[in-house]
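A.B. asks: This is the structure I have questions about; it appears just below.
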Amino acid sequence: MAGRAATLAEGRGMDLDEEDEELRADEEARGQTAFEREYEDDHSWEELEEDEFGNLRAPDQAEEQRARRRRLMSAAASARIRRGMVRYVEVVLDLSRAAALADMRPLRAAVMSGVLQQFVRTFFDENPLSQLGLVILRNGVAERLTELSSSPEAHIAKLRQNLDTGGDASLQNALDLCVDALKSIPPYGHREVLIMLAALSTCDPGDINASIKAAKRQRVRVSVVGLAAEVYVCRRMTEQTGGTYTVATGEGHLQELMLSHAVPPPAAPGTSSVSLVRMGFPCKNPEAPGAAAFCGEACLLRPGGYTCPKCKARVAELPSLCHVCGLSLVASPHLARSYHHLFPVPAFAEVPAAELLGVTGCGGNQPDFAPAFVTGRTYCYGCYTPLGQQAGGAGRSRGAASLAAAGIVSRCPDCRHLYCFECDSYIHEHLHTCPGCECLPPHLATATAAAAAAAAAAAPAVG
C-alpha cells in the first residue's frame, strides 16, 4: 500500500509540473504579439547561404529568380494591349505624422523618399514623352512641390529639400489639387494620380466622394500604394477611377510596387479618340554665352535651349509644351525609346536542366567566334557564361543537379538561343531587343519575321 501511495503521489506531482509548464507557456504567449506567435517556430534565417561576395542569399536561387521573372514576363504577355504612351502623372507623397514612424528603418519618410527618387528616374527612362509633378501631404493640406515637367533631377532636388513630417493627411485636398492641374491636359494625354499613403485616416474639409466623382468625370486614373493596412476609401477611389490599390509588406515590396507603375498602364476603352498627335522637333541652339536668350515661360536668360519650329520661341528642355503656341516638342530619340512598349521582347521560355544535358553551344544558330573556354560546353549567347558544369562520366543525375544549381536558363522562342538569368533580365528591362534575333543571317531573319507576323495576325487583339 505504501509503495502504491508513493507511485500515485509521484504521478500527481508530474501532472502538476506539466500543468505549471502549460500555464507558463500560456502566460508567455499572451505577452507575445500576433506576428511573434506566428513566426515562433520559423527559423528561416538558418537556411540562408553566403555567396562568393560575402552577401546573404536565399538557398533556392532558382525560385528567387522565377519570382523576379514574373514582372518581366507580364509586359510581353500584354503586348497587344493598348497603352497610354504620353502620360501626365501627379505623384502624391504622404508626409503626415504617420511617415515619422520607425517600422521602416530609419523612418518611413526616408524609405519613401528613396523609393520615390528611384521611381522618378525609372519613370522618365520608361516614358520619355511623359511629364511628372510632385505633391506632398502635410498638416492637413496638399502642397505643390513641383509642376508637371520632364526633368527628373529637378524633381529629386526639390524632394530632398522638403522631407519634414507632421500633421494629418488629406486625400480630398490632394485629389482636388491634382485633378485641377490635370483637367487641362490635351485629349491624347493620359491623366494619372499616384499616391504613396502612410496614414490610416484622412482629414478632409468636405465630401471626398464628390472629389472622386470629379476625378472620374475628368478621366483621371487614381492609384494608391499604402504602407499600412488597407483603407476602404482608397479602395473605393481606385475602383471608381480604374486605378489599382496595393499595400506594401516591406521595403523591398514597396520598391517593387512603385516601380510597377513606371510602365505605361493599359488604356481604358474610350479614353481618347485621337489617332494623330501634332508634334514639333525643335533645333538645339548653341551653348556659347553670346547666344543667350530668354527661355521658357519664366523668361530666364540662358544659352542653349531649343527653338520651337512653329513660333520660334525658345524652351529650356525636351520634351515639353511650347509656352507660346502649345505645340508638343520632342526629340527623335524620345520616340525611339517609347517604341519598345508597343513591341516588347517576347517572354523567354525556361529550359529544364535535364534538357540542357544534350545541348552543346548556345543553342540556335552558332556564332562565328566563341572563346576557347566554352568550346564543347553549353554557354549563354549573351555573355558566354558556361551554363553549369558538364558531367563528364559522373552520371546523368549529377549533371542535371549541377546545371540546376547554375540558376534559370531561358531560350528565345524566335532565334532559339540560350541565355542566363542575368542576360534575360537585361534584355527585357534595358536592352528591349534580343541580340540573337538581331544577329540572325538574312534568310533566317526573314523567315522568323514572317512567322512572327503570322502569329500576331492570328492572335486576337485585347483592349
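A.B. asks: Pull up the cross-link candidates among the lysines for residue 284, meaning alpha carbon to alpha carbon under 28 Å and not fewer than 8 places away within one chain.
C.D. replies: Reachable lysines: 158, 310, 312.
A.B. asks: How large are Rg and Dmax for the stretch 99-250 when only the alpha carbon atoms are used, in Å?
C.D. replies: For the stretch 99-250, the Cα-based Rg and Dmax read 14.9, 43 Å.
A.B. asks: What length, rounded to one decimal in nm, is gained on full extension from residue 249 through to residue 349, with 0.36 nm per residue of separation minus their alpha-carbon distance?
C.D. replies: Once the chain is fully extended between residue 249 and residue 349, it gains 33.0 nm.
A.B. asks: List the residues, sorted by chain then number, that are 5 or more residues from residue 90 or on another chain and whose placed amide H is less than 5 Å from its amide H.
C.D. replies: 133, 192, 193, 194
A.B. asks: What are the semi-axes of the equivalent ellipsoid of the stretch 91-141, taken as the square roots of 5 times the eigenvalues of the Cα gyration tensor, listed largest first and rounded to whole Å?
C.D. replies: Those come to 24, 15, 4 Å.
A.B. asks: Leaving ligands, DNA and RNA out of it, work out the accessible area of residue 310 with a 1.4 Å probe and give it in Å² to the nearest 10.
C.D. replies: Accessible surface of residue 310 is approximately 130 Å².
A.B. asks: What spacing in nm lies between the two simple spin-label points modelled at residue 372 and residue 332, each 7 Å away from Cα in the Cβ direction?
C.D. replies: Calculated label separation equals 4.5 nm.
A.B. asks: May I ask which residue of 346, 292, 318 lies farthest towards the positive end of the charge dipole of the stretch 287-350, with charges of +1 (Lys, Arg) and -1 (Asp, Glu) on Cβ and the Cα centre as origin?
C.D. replies: 292
A.B. asks: With 10 Å bins from zero, work out the P(r) of the stretch 286-366 over every alpha carbon pair and list the percent per bin.
C.D. replies: Spelled out per bin, shortest first, that is 14, 27, 17, 11, 10, 14, 6.
A.B. asks: Gain in length, residue 384 to residue 164, computed as 0.36 nm per residue apart minus the alpha-carbon separation, to one decimal in nm?
C.D. replies: Length gained, residue 384 through residue 164: 74.3 nm.
A.B. asks: List the lysines whose alpha-carbon lies under 29 Å from that of residue 216, not counting same-chain residues fewer than 8 positions away?
C.D. replies: 183
A.B. asks: Okay, moving on. Per residue Cα convex hull volume for the stretch 115-196, in cubic angstrom?
C.D. replies: 89
The values are calculated or read from the model by the stated rules, or taken from the named source; none is laboratory data. These figures come from a predicted structure and were not determined experimentally. Cβ sites come from the backbone with ideal geometry, for glycine too, and all protein chains shown count toward neighbours. Just the protein is used for accessible areas: all its heavy atoms, side chains included, with ligands, DNA and RNA removed. Shrake-Rupley method; radii C 1.70, N 1.55, O 1.52, S 1.80 Å.
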